[in-house]
Amino acid sequence: MLDLFGKAILDYQTQNAPEALITFTSISDEDEMDVAYLFRPYDLMPKIEQKALQLSYGKILDVGCGAGSHALSLQNDRKLDVTAIDLSTNAIETCRLRGLSNAIVTDVLAFNPAEQFDTILLLMNGTGIFETLVKSALYLQHLKSLLAPNGQILIDSSDLIYMYDADEDGGAWIPSAHYYGELTFTVRYKGQTDETFPWLYMDYNTLQNAAVANGLHCELITEGDHFDYLAKLTHL
Ligand SMILES: C[S@@+](CC[C@H](N)C(=O)[O-])C[C@H]1O[C@@H](n2cnc3c(N)ncnc32)[C@H](O)[C@@H]1O
C-alpha cells in the first residue's frame, strides 16, 4: 500500500513540506484537497459530524480515523474512552503524536478485540471503507460483531445521484453495470505513483436495505447541506 493519504497527514503533522493532495474519481475531475481539513477541530466539522460526536457515548471505536480529529475531540473535550483504528501506519503515528492514547494500525476486518463497543464511528463518507456494494455485507457483519448489545454505529455518506446527468424526463443517466455510488478514488501526492482504490458512497435507502439484510436496524439521524446524511445502525 502506497499510503499517500497517510504520508500527507504525517507530513502536515511533522511540518515536512506538506503539499495538497490531488484527488479524482471515476466520475469526477481532479480536485485539490488541503490536508489541513483532516486536522479539523470540532467547530470546523460539518454539522453531521458534530451530531455524531454529540451522540457518542460509552466505549467508542473510530474506524478509519485518519489524523484522529473525531477521536481526539471525544478524548480531550468529552473525556470519553476512545480507540481509533486505521489501515495507515502514517495516520496512526500522527494520531499518537497528537496525543491520542489508543490508536492502532489495523484493517477493520482484522480487528477482533476482546471487548465490544457502545459507539462505532465511521465518518467522512464512512461507507467508503466498504469498497463495493457486494462487500458492504462483509463489513456490516464484522461491525455488528464489534457492537455491544445496546450499541450504535454512526455512519455518514452521500447520495451521488446529483453527479449524474439528467435526461429530458428528469431521470438520471446512471451506470447499468454497477451501483452508481461505486467509484474508484485516486490520490496523487508529491509526484509519486498514483494510488487508486474502490470507494463506496451509499444513498440512505441502499444503506438501509444493506443494514436490514445484515441484521441491523437503520435510522436516519440528520441530513447535511449537500446530499449527505448521518445514519444510526443498531442491533435488530
Ligand atoms: C476519508 S479518510 C477519513 C478519515 C477520518 N475519519 C476523517 O473524517 O478525517 C478514510 C480513512 O479510512 C482508512 N481506511 C480505509 N479502509 C480501511 C479499513 N479497511 N480499515 C481501517 N481503516 C481504513 C484510510 O486509511 C483513511 O485514513
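I'd like to check which strands (runs of 3 or more DSSP E) are fully inside the range 3-65 and have at least 3 residues that are among the charged types (D, E, K, R) and open to solvent by 30 Å² or more (accessible area, probe 1.4 Å).
28-33
Do we find that residue 217 is surrounded by 14 or more Cβ atoms within 10 Å (Cβ to Cβ) and either modelled with pLDDT of 95 or more or more than 14 Å from residue 230 (Cα to Cα) (or both) in this structure?
Against the criterion (surrounded by 14 or more Cβ atoms within 10 Å (Cβ to Cβ) and either modelled with pLDDT of 95 or more or more than 14 Å from residue 230 (Cα to Cα) (or both)), residue 217 does not qualify.
Determine which member of the set 222, 184 is modelled with pLDDT of 95 or more, hydroxyl-bearing (Ser, Thr, Tyr) and in contact with a Lys or Arg (Cβ under 7 Å, 6 or more places away or on another chain).
222
In this structure, does residue 133 turn out to be within 12 Å of the ligand (Cβ to nearest atom), open to solvent by 50 Å² or more (accessible area, probe 1.4 Å) and under 16 Å from the mean Cα position of the chain (by Cα)?
No, not satisfied.
Check off (1) of a type in the set (A, V, I, L, M); (2) more than 11 Å from the ligand (Cβ to nearest atom); (3) crowded, with 21+ Cβ neighbours inside 10 Å; (4) in a strand (DSSP E or B) for residue 84 and give me the number that stays unchecked.
Here residue 84 meets the rest and fails (2).
Take the range 201-230 and flag every residue that is farther than 22 Å from residue 163 by Cα and among the acidic types (Asp, Glu).
219
For (1) open to solvent by 70 Å² or more (accessible area, probe 1.4 Å); (2) within 13 Å of the ligand (Cβ to nearest atom); (3) not in a helix (DSSP H, G or I), each residue gets a yes or a no:
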| position | (1), (2), (3) |
| --- | --- |
| 150 | yes, no, yes |
| 156 | no, yes, yes |
| 178 | yes, no, yes |
| 184 | no, no, yes |
| 190 | yes, no, yes |
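So which residues in the range 192-214 are surrounded by 13 or more Cβ atoms within 10 Å (Cβ to Cβ) and hydrophobic (A, V, I, L, M, F, W, C)?
197, 199, 200, 202, 207, 210, 211, 212
Can you list residue pairs whose Cβ atoms sit under 9 Å apart, with the first residue in the range 114-125 being touching a residue at least 24 places away in the same chain (Cβ under 8 Å) and the second being part of a loop (DSSP other than H, G, I, E, B) and among the polar types (S, T, N, Q)? Count only pairs 6 or more apart in sequence or on different chains.
Qualifying pairs under 9 Å: 118/56; 119/56; 121/56.
Residue pairs, Cβ under 6 Å, 6 or more apart or interchain, first in the range 98-110 and in contact (Cβ under 8 Å) with a residue 24 or more places away in the chain and under 27 Å from residue 141 (Cβ atoms), second of a type in the set (A, V, I, L, M) and open to solvent by less than 60 Å² (accessible area, probe 1.4 Å). List them.
103/84; 103/92; 108/63
Just give me the residues in the range 93-129 being more than 9 Å from the ligand (Cβ to nearest atom) and in a helix (DSSP H, G or I), in sequence order.
93, 94, 95, 96, 97, 127
When residue 46 is evaluated against the numbered criteria (1) under 24 Å from residue 211 (Cβ atoms); (2) under 13 Å from the mean Cα position of the chain (by Cα), which criterion, by number, is the only one it fails?
(2) is the only condition that residue 46 fails.
Quick one: in the range 66-81, of everything that is away from the ligand (no atom under 12 Å from the Cβ) and in a loop (DSSP other than H, G, I, E, B), which residue is surrounded by the fewest Cβ atoms within 10 Å (Cβ to Cβ)?
Looking at residues that are away from the ligand (no atom under 12 Å from the Cβ) and in a loop (DSSP other than H, G, I, E, B), I get 79.
The values are calculated or read from the model by the stated rules, or taken from the named source; none is laboratory data. None of the values given here were measured: they were computed from a predicted structure. Please note: Cβ atoms are built from the backbone with ideal geometry, for glycine as well, and neighbour counts cover all protein chains shown. The area values use the complete protein model at the heavy-atom level, side chains included, leaving out ligands, DNA and RNA. Shrake-Rupley method; radii C 1.70, N 1.55, O 1.52, S 1.80 Å.
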